[in-house]
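Written below as structure tokens is the structure these notes are about.
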Amino acid sequence: MATVAIYTLGCKANQYDSEQLKKEFVKRGWKLVDYKENPDVFLVNSCTVTGEAARQSRQRLRKNLPGRDRPFLVLYGCYPQAYPLRTEKISGIDLVIGRLEPQELIDRIEEFSDIKPRAGDREEIVPFRGRTRAFLKIQEGCESFCSYCIVPRARGGIWSKPLSQIQEEVGELLHSGFKEIVLTGIHLGYYGKEREQRPSLERVVREILKTHLPRLRLSSLEINEVSPELLELMAEENALCPHLHLPLQSGSDRVLGLMNRQYSAQEFMEKAAHYREAVPGVGLTTDVMVGFPGESREDFSRTVEVVRRIGFSRIHVFPFSSRPGTPAARMPHPISGPEKKRRSHILREVGENLMQDFNSQFLNREAEVLVEDSLPVQGWSPNYVRYYLPEHHYRGQLLRVRGEKIFQDGIWGKEVQ
């Protein structure tokens, strides 16, 4: 039986894309194996959102170069899509190819590798094997063109998945036993914007909630994309997780302008306060970039101040990474590596304190926790608070848990019998 291993780097959308690849490989008679099991084909679904992500994409394939019996190596996805000339020069890789539909990609692999499965070979595939939450990509592409971001080149124009196809995939995931689905996209807030006949994101959410899915979570939205109807749904529907991931990127209006972000820090703070008032207990998480070209110490101090005033429950801090072909890559006054590291450390400490402050309000209260890992036993509440448990529980269980104390990056709790 022809074997294939798929290694995925990057975002939830990439995770979803790899699942679709796996389904198509299996449909065509391939067997999925771990990349350590000497597969016939080893495919890396790459990421290029940062220089480090691109480096990891190259490194993962290079580990398989030595030896006569090495697999047929495929570098696929965002990295070659964004930088075709650069990736074609990487030695030792058999096929470098940008974004394609699964059927066309596998056609290319079978053509160039001369490896084809035997007729009749087939195995069952479990979607998102090893995960308790399933990702469902309903939107593709971005046209925001933030000055630091290569994603529009890597992912192309915007497209929204038809509602009927979303409903079909939700049914499949429910049948597979998933209790939480995360709606994701390259720019989720663009859903339905490219065609008048497409339903809105709010309509999609309402239709999914009719299936009695225990939990539906939204991945990431821009601060200006959270509608009153979405807030109303989040406040009224228990199955819609009260959690909004809202990328801030910077708290300095000057830097936000350089980034081509479409809001001011004051606007962001006002809207975040409104969301918190509209949905009590909502978890507000964010991404913040430090060390953008020309970011002064005053700009960074302003970012720290804004982050504290908003009171995020979790912060993903990452240093600016220059991506060739973006406007930011040509901007003057780059920030040194040590200074970016210093600023990252400061902001992460602020984030840890804010996280503890947010989590403290849930002590001595009950929460519904979806068990995700077993060593140690831990899981997530609807508003994206991590809970740790002393007892053994199976992954995928939904439990009522009482929070007892702050523990590591979450809350230590016990199941309510």
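The values are calculated or read from the model by the stated rules, or taken from the named source; none is laboratory data. Computed from a prediction, not measured in an experiment: that's the story for all the values here. Backbone-built Cβ (ideal geometry, glycine too); neighbour counts: all protein chains shown.
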task: Hey, could you check segment 25-42 for residues that are under 16 Å from Asp69 (Cα atoms) and touching a helix residue (DSSP H, G or I) at 6+ places or on another chain (Cβ under 9 Å) and say which is surrounded by the fewest Cβ atoms within 10 Å (Cβ to Cβ)?
output: Tyr35
task: Out of the residues in segment 372-417 that are acidic (Asp, Glu) and assigned to a loop (DSSP other than H, G, I, E, B), state the one that is modelled with the lowest pLDDT.
output: Glu391
- prompt: So is Glu339 on the phi < 0 side of the Ramachandran plot, over 21 Å from the mean Cα position of the chain (by Cα) and buried (at least 19 other Cβ atoms within 10 Å of the Cβ) or not?
  reply: no
task: Check whether at least one residue in segment 49-69 is part of a loop (DSSP other than H, G, I, E, B), crowded, with 22+ Cβ neighbours inside 10 Å and in the same structural domain as Arg108 (by TED's automatic domain parsing), and report yes or no.
output: yes
query: If Glu237 satisfies every condition in (1) farther than 29 Å from Pro152 by Cα; (2) free of Cβ contacts under 8 Å to residues at least 24 places away in the same chain but one, which is the exception?
result: (2)
query: Does Ile93 fit the bill of being surrounded by 18 or more Cβ atoms within 10 Å (Cβ to Cβ), part of a helix (DSSP H, G or I) and either aliphatic (A, V, I, L, M) or not assigned by TED's automatic domain parsing to the domain that holds Ser18 (or both)?
result: no
field: Single residue of segment 249-264 satisfying the filter (under 24 Å from the mean Cα position of the chain (by Cα) and assigned to a helix (DSSP H, G or I)) that is nearest to Arg314 (Cα to Cα)
entry: Leu256
task: Pairs only if they're at least six apart or on different chains, beta carbon under 9 angstrom, first in segment 17-30 and under 20 Å from Ile166 (Cβ atoms), second assigned to a helix (DSSP H, G or I) and charged (D, E, K, R); list them, first residue then second.
output: none
task: Take Asp114 and decide whether it is at pLDDT below 90 and either loosely packed, with under 15 Cβ neighbours inside 10 Å or at positive phi (or both).
output: no
Residue in segment 162-210 that is surrounded by the fewest Cβ atoms within 10 Å (Cβ to Cβ), counting only those that are of a type in the set (Gly, Ala, Ser) and not in a loop (DSSP other than H, G, I, E, B): Ser164
- line: Per the filter on segment 216-241, residues under 20 Å from Gly192 (Cα atoms), assigned to a loop (DSSP other than H, G, I, E, B), in contact with a Gly (Cβ under 9 Å, 6 or more places away or on another chain) and not aliphatic (A, V, I, L, M) are Ser219, Ser220, Glu222
- prompt: Is it the case that segment 86-94 has a residue that's acidic (Asp, Glu) and within 24 Å of Glu140 (Cα to Cα)?
  reply: no
task: Six or more apart or on different chains, Cβ under 9 Å: which pairs go from a residue in segment 332-347 that's within 22 Å of Val307 (Cβ to Cβ) to one that's of a type in the set (Phe, Trp, Tyr)? Could you list them?
output: Ile335/Phe292; Ile335/Phe320; Lys340/Phe320; Arg343/Phe300; Ser344/Phe318; Ile346/Phe300; Leu347/Phe300
message: Just checking, does segment 170-183 include any residue being among the basic types (Lys, Arg), within 21 Å of the chain's Cα centre (by Cα), at pLDDT 95 or above and not assigned by TED's automatic domain parsing to the domain that holds Gln262?
response: yes
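Listed here are the residues, each with its yes/no results for (1) without any contact (Cβ under 8 Å) to a residue 24 or more places away in the chain; (2) out of contact with any strand residue (DSSP E or B) (no Cβ under 8 Å at 6 or more places or on another chain); (3) not β-branched (Val, Ile, Thr).
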position	(1), (2), (3)
Gln361	no, yes, yes
Arg365	no, no, yes
Val369	no, no, no
Tyr388	no, no, yes
His393	yes, no, yes
Gly396	no, no, yes
Ile406	no, no, no
Trp412	no, no, yes
- line: Inside segment 293-321, the number of residues satisfying the requirement of being assigned to a loop (DSSP other than H, G, I, E, B), surrounded by 15 or more Cβ atoms within 10 Å (Cβ to Cβ) and hydroxyl-bearing (Ser, Thr, Tyr) is 2
field: Test result for Lys193, of a type in the set (Lys, Arg) and more than 30 Å from Val255 (Cβ to Cβ)
entry: no
query: Taking segment 237-248 as the search range and keeping residues that are crowded, with 21+ Cβ neighbours inside 10 Å and either farther than 21 Å from Ser313 by Cα or not hydrophobic (A, V, I, L, M, F, W, C) (or both), which one is farthest from the chain's Cα centre (by Cα)?
result: Pro242
